[in-house]
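The values are calculated or read from the model by the stated rules, or taken from the named source; none is laboratory data. The model shown is predicted, which means the values in this text are computed figures rather than measured ones. We place every Cβ from the backbone using ideal geometry, glycine too, and count neighbours over all the protein chains shown. Accessible surface is based on the protein model in full, side chains and every heavy atom, while ligands, DNA and RNA are left aside. Shrake-Rupley method; radii C 1.70, N 1.55, O 1.52, S 1.80 Å.
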Amino acid sequence: MDRLHGNFVRPGDLVFDVGAHVGDRVASFHRLGARVVAVEPQPSMVRALRLLYGRSKSVAIEALAVGREPGRARMLINVDNPTVSSVSPAFVEAAHGAPGWETQRWSEAIDVAVTTLDALIAKHGVPAFIKLDVEGFEAEALSGLSQAVRALSFEFTTIQRDVGLACIERCSAMGYRRFNAALGESQTLIGEWMDAQDIARWLIELPQAANSGDIYAVAA
């Protein structure tokens, strides 16, 4: 993980970890010498983040979801697997009955506050890298970003390729020209850097069984 993130993060950089969960990526960014804004709306995950990083001067914790505009949202909670809790009903609907997702259940819901990436930038400064892992809400989150940062990543799933394609389109419109990807939890880039058209084709042609991964975008 550190080797992968080291392609994008340098000591002293500011990083936004959006969808921080319990902080495994926060730990990686921290080890690389970055300052981190950990953004996570689930109360139980926020408690874990505060336990681990609440006293760290280089980690700020924001108990928020991130979307297109500020407000409130209903978050669907997967009690048994909270890493796939989501504020996207479309994501939960796409997962219903899909191969590999049969055992997943979203049995609870909570009301959460929503901010935007622009608002986080106004509060904390411009990050060198943004990591987005928000279970089907990545395109909405990117819609709340009006300026390109040096690099970013967003999660994709094969049950919602349209969300990944929308993210690629948004990144391209903001000026990102180089793209790569890592499958699942491999923490390894797939190969040579591509343009937006080629990474979109790669995502479309990816086997359904690939399930998920992260696409990385670097500004020109």
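Some notes on this structure:
- Averaging over all projection directions, the Cα-based convex hull of segment 10-71 occupies 4.2 nm² in the image plane.
- Here the Gaussian network model covers the chain, with springs between Cα atoms less than 10 Å apart; of A109, A122, A27, A122 fluctuates the most.
- Near S143: Cβ cut-off under 15 Å, other residues only, Lys/Arg at +1 and Asp/Glu at -1. The net charge is -4.
- Electrostatic dipole magnitude of the chain [Cβ: Lys, Arg +1; Asp, Glu -1; Cα centre; debye, to 20]: 860 debye
- Dipole of segment 50-123, positive end: most advanced residue of M75, T116, T103 [Cβ charges, Cα centre]: T116
- Per-residue SASA entry for D80, accessible area with 1.4 Å probe, Å² rounded to 10: 150 Å²
- For the chain, the solvent-accessible area with a 1.4 angstrom probe is 46 square angstrom per residue.
- Packing order of peptides 201-208, 17-24, 167-174, 1-8, highest average first: 17-24, 167-174, 1-8, 201-208 (average count of other Cβ atoms within 10 Å over each peptide's residues).
- A convex hull fitted around the alpha carbon atoms of segment 86-176 yields 98 Å³ per residue.
- Distance-filtered residues of segment 174-217 - backbone nitrogen under 13 Å, label point 7 angstrom along D2 Cα→Cβ: none
- The chain - percent of accessible surface contributed by carbon and sulfur, probe 1.4 Å: 51 percent
- Taking Lys and Arg as +1 and Asp and Glu as -1, the other residues whose beta-carbon sits under 12 Å from that of L132 total -4.
- Pair D162, E185: separation of 7 Å Cα→Cβ label points (nm): 3.0 nm
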